[in-house]
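Structure first, commentary second.
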Amino acid sequence: MKGIFITMEGPDGAGKTTQMELLSASLQERGYEVLLTREPGGTKISESIRGILLDPAYKEMKPETELLLYAAARAQLVQQVIGPAVEAGKAVISDRFVDSSVVYQGIARGLGIETVYAVNRPAIGKYMPDATFLLDLSAKEGIARKKNQAELDRMEQESLDFHEKVAAGYRTLAERDPERILTIDATLPKEVICDMIKGKVFSLLR
Ligand code: TYD
C-alpha cells in the first residue's frame, strides 16, 4: 500500500481531534495502518519544544523565536516519525502542520508567508500533505468552545484580533490551494464533516 499524509487545520476548538479519530477508524477498516500525531509535538524532543511554545509564562517570546521553535519541532517530527511512516505505507494523520505556521506566524504574527516557507523548507523536506482539511470556524465561536477549559495556553490567550487574523488567514490559504485544502464548515454535524473528509481521502486512494 502507498503511504498517505493527511493534515487537519483550523482555529483552536474546531474539532480536529474528533475528526482525526473518525477518519482513523475508517482507514483502519480499509486495511490501513494509521499513525496519528500532532504539532507541535509527536516526538520526545518536539513535545519538549511544545512545552516552551505553549507555556503562558513565556509572554516575552518574540515572533521569530516562535517561528523557529515550531519549525524545529517539525523537523524532528518529520524525520523521526512522519517520513518513515509514509515510506512504510502507513496513513499518517497530523493535527496541524506547516499551514499552521503559515497562518499563525506568517499572517497573524506578520512575519510573511515567504519567510515561513524559507524556514520550514529544511524542516519538511519532501513531505507536504496529500490532503488537508480546514475545519473553518469563526474566531468568536472558537474562543467560545474553549471557554470551559481550566487554563488557556500562550497562543489561546492571544487577542480576538489575533484569532480573527488566523481564521481569515486560513481562508486565504485554502483559496490559493484548493486542490489540496478542503474547507469544511466546522459547525456542521460531525457525521456530515466526517463524510466530506472520507469522500476526499478515499478518492485520493482510489
Ligand atoms: P494545540 O492545543 O495543539 O492546538 P488546538 O488548539 O488546535 O487544540 O495548540 C497548538 C497551538 O500552536 C495552536 O494555538 C496553534 C499554534 N501553532 C502555531 O502557531 N504554529 C504552528 O506551526 C503550529 C503547528 C501550531
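The values are calculated or read from the model by the stated rules, or taken from the named source; none is laboratory data. Remember, predicted model here, so these are calculated numbers, not experimental data. FYI the Cβ positions are ideal-geometry reconstructions off the backbone, even for glycines, and counts take in every protein chain you see. When the accessible area is computed, the model is the full protein with side chains, heavy atoms only, and any ligands, DNA or RNA have been set aside. Shrake-Rupley method; radii C 1.70, N 1.55, O 1.52, S 1.80 Å.
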- Item | Heavy-atom accessible area per residue - the chain, 1.4 Å, Å² | 48
- Choice from Pro56, Pro129, Pro178 showing the highest fluctuation, given a GNM over the chain with Cα pairs closer than 10 Å: Pro178
- Any idea what log10 I(q)/I(0) is at q = 0.08, 0.13, 0.16, 0.17 Å⁻¹ for the chain, Debye with uniform C-alpha scatterers and no solvent? -0.25, -0.69, -1.09, -1.24
- Neighbour cut-off at most 12 other Cβ (10 Å), DSSP loop, trypsin sites (Lys or Arg not before Pro), region 88-190: Lys126, Lys147
- Item | Calculated diffusion of region 145-206, Stokes-Einstein form, Kirkwood radius summed over Cα pairs, 25 °C and 0.890 mPa s, µm²/s | 173
- Message: With +1 assigned to the C-beta of every Lys and Arg and -1 to the C-beta of every Asp and Glu, and no other charges, what is the dipole magnitude of region 64-205 about the Cα centre in debye, to the nearest 20?
- Response: 220
- Message: My understanding is that a pair violates if its Cα-Cα distance is over 24 Å; which of Lys90/Lys126; Lys2/Lys126; Lys59/Lys140; Lys146/Lys200; Lys2/Lys190; Lys126/Lys165 do that in this structure?
- Response: Lys146/Lys200; Lys2/Lys190; Lys126/Lys165
- Message: Charges on Cβ only, +1 for Lys and Arg, -1 for Asp and Glu, centred on the Cα centroid of the chain; of Phe162, Met1, Phe97, which one is farthest towards the dipole's positive end?
- Response: Met1
